[in-house]
Amino acid sequence: ITGNLYLPSGLGSKTVNLRNLTVDGTVYVRGGGTINVDDCDFNKVVLDKSGVRFETDSRCNVDRLEFWRNGTIEGQGYDNVIISDNSVSSATVNAKVENLLLDTDADLYLGRNARIDELEATPAPMTRLSASTATLRWMK
């Protein structure tokens with residue numbers, strides 16, 4: 001797909017399966033409860049639905065994922081994850097991520113399968129970081 005892919009709000013909380021897709025534009029997630037992604041290559045993903053779970057397999061690559069609402073990411077293949085929108089109060093990362101930027105007043109929960117190469121958190125007085133057995137290589 002050379003343009004954008006929209007998962008509309010009309011999907012409600014259904015499970016959505018995306019397989020063998022390349023999207024050069026942006027994937028806008030506005031609907032669905034769980035988004036299962038298998039063997040896909042995405043330039044940019046925007047999580048614009050609160051409570052959505054976005055899960056990738058080992059054959060996926062996501063260049064950039066932005067949280068615009070509360071949500072969860074799981075799996076592998078995330079290059080850059082950005083949490084900077086003021087409407088995000090909490091984000092859960094249970095995934096392998098190269099670079100994670102927390103640039104808003106939100107709580108960040110790192111699950112036991114989280115593997116973060118670099119985490120950058122800007123100073124925010126109300127931000128909480130909660131990690132179980134997550135692995136962080138570098139934090140600034």
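The values are calculated or read from the model by the stated rules, or taken from the named source; none is laboratory data. Bear in mind that the values here come from a model prediction, so they are computed numbers and not experimental data. Here Cβ is always computed from backbone atoms with ideal geometry, including for glycine, and neighbour counts include all displayed protein chains. Heads up: the accessible areas ignore ligands, DNA and RNA and are worked out on the full protein's heavy atoms, side chains in. Shrake-Rupley method; radii C 1.70, N 1.55, O 1.52, S 1.80 Å.
Quick rundown of the values:
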{"read-out": "Any chance V88 is within 22 Å of G10 (Cα to Cα) and at pLDDT below 95", "value": "yes"}
{"read-out": "Residue in the stretch 51-61 that is at pLDDT 95 or above, farther than 22 Å from S9 by Cα, in a strand (DSSP E or B) and open to solvent by less than 40 Å² (accessible area, probe 1.4 Å) present", "value": "no"}
{"read-out": "Residue in the stretch 6-28 that is outside any strand (DSSP E or B), crowded, with 20+ Cβ neighbours inside 10 Å and modelled with pLDDT of 95 or more present", "value": "no"}
{"read-out": "Those residues of the stretch 105-119 which are out of contact with any Lys or Arg (no Cβ under 6 Å at 6 or more places or on another chain) and surrounded by fewer than 20 Cβ atoms within 10 Å (Cβ to Cβ), in sequence order", "value": "D105, Y109, G111, R112, N113, E118"}
{"read-out": "Exclusive hit being within 18 Å of E98 (Cβ to Cβ), among the charged types (D, E, K, R) and touching a Leu at 6+ places or on another chain (Cβ under 8 Å), set E66, E55", "value": "E66"}
{"read-out": "Test result for D48, open to solvent by 30 Å² or more (accessible area, probe 1.4 Å) and over 29 Å from G10 (Cβ atoms)", "value": "no"}
